[in-house]
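Written below as structure tokens is the structure these notes are about.
Read-outs throughout are calculated quantities, based only on the coordinates presented, and are distinct from any laboratory measurement. Computed from a predicted model, the values in this text were never measured in an experiment. Heads up, the Cβs are rebuilt from the backbone with ideal geometry, glycines too, and the neighbour counts pull from every protein chain shown.
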Amino acid sequence: MLWYNRPVSEGDPVKNYVKGNKAAWEEAFDRADGYGEGNVERLRNEAFPFLTPEFVLTLKDADLKGKKVAQFLCNNGRELLSVVKNLGAASGVGFDIAENMVAQANRHAAATGIDCTFVATDVLKVGRAWEGRFDAAFLTVGALCWIERLDALFDVVRRCLKPGGILLIHEMHPLTNMLAVPGEDEYDPALPERIVLPYFRDVPFVDAMGMHYMVGEHYPSKTFTSFAHTTAEILTALIANRFAIRSFTEHPIDVSDSFVDLERFRIPLSYILTATAV
């Protein structure tokens, strides 16, 4: 992975990171032969094939029966489809920037008969047509890192929720931004728990090694730009957008498939947060 520690200039991929990430994600999906094609069968035959037991319990406690649910940065829609089907939600809408992944999500909704619609858009540009439409919204692993300003994201989410609506987040713990993963120069298989990056970081991560988890290999890719957010930044952005935090739990469970070797150290690798729009 390439770490850009320099000022950002016009024409820089970081300056235009949304457009660049869209192109990189769509390239990855086009390269990932068969990615997601088994989702329909799994949705038909398994209860929650794409969610951890811990997050399933949180979703059940939220009581989504008969509710309208949104997922922001929904990838190919598999999680939202699972939630709507298995928790009795009235309907679901997913938003994601990659048009080809959204197209797959809509095909899978049609194939399974699950009442979900998926919209290809920059989530920060989700418009007034969706304001006050949802009883609940959620974000899952690997979503927040693609947004530079979390206050802008949570402003959109807050406007899309009804008063009293619930937001649920299941994400990688911010401490994982300090660790290296296999394939990176800083990774030491003898010391996978070694801290190699600062927790407080004001420059983005920039890489052109591809989306390994989708394609199954590293490859010279279009530019992915992502951002590290501290726990305080996440909580502050929520509070600033009038979310009342109801619970925040930390877990030694790797939800990214990047830090499985570290679960034995019992360090925080993920968290689950619930909040209410007030």
For the chain, size of Cβ-based charge dipole, Lys and Arg +1, Asp and Glu -1, in debye: 1240 debye
If the cut-off is a Cα-Cα distance under 17 Å, which lysines reach Lys65, setting aside same-chain residues fewer than 8 apart in sequence? Lys85, Lys162
For the chain, longest principal axis from Cα atoms; helix 150-160 axis from its Cα atoms; angle between them, nearest 10 degrees, is 10 degrees
If you line up the long axis of helix 99-112 against the longest principal axis of the chain, both from Cα atoms, how many degrees apart are they, to the nearest 10? 40 degrees
Sequence ranges 37-46, 246-255, ranked by mean other-Cβ count within 10 angstrom, highest first: 246-255, 37-46
Value at 222 nm in deg cm²/dmol, rounded to 500, when DSSP H runs of n ≥ 4 in the chain each add -39,500 (n - 2.57): -8500 deg cm²/dmol
What are the principal axis extents of the Cα atoms in segment 12-277, in Å, biggest first? 49, 40, 39
Sorted by average packing, counted as other Cβ atoms within 10 angstrom per residue and highest first, what order do 129-140, 71-82, 90-101 take? 71-82, 90-101, 129-140
What do you get for the angle between helix 17-31 and the principal long axis of the chain? Use alpha-carbon atoms, 0 to 90 degrees, nearest ten. 80 degrees
Mean shadow area of segment 205-278, taken as a quarter of the surface of its Cα convex hull (nm²): 6.6 nm²
Within straight-line cross-link reach of Lys67, aspartates and glutamates at Cα separation under 17 Å, skipping those fewer than 8 residues along the same chain: Glu79, Asp115, Glu131, Asp135
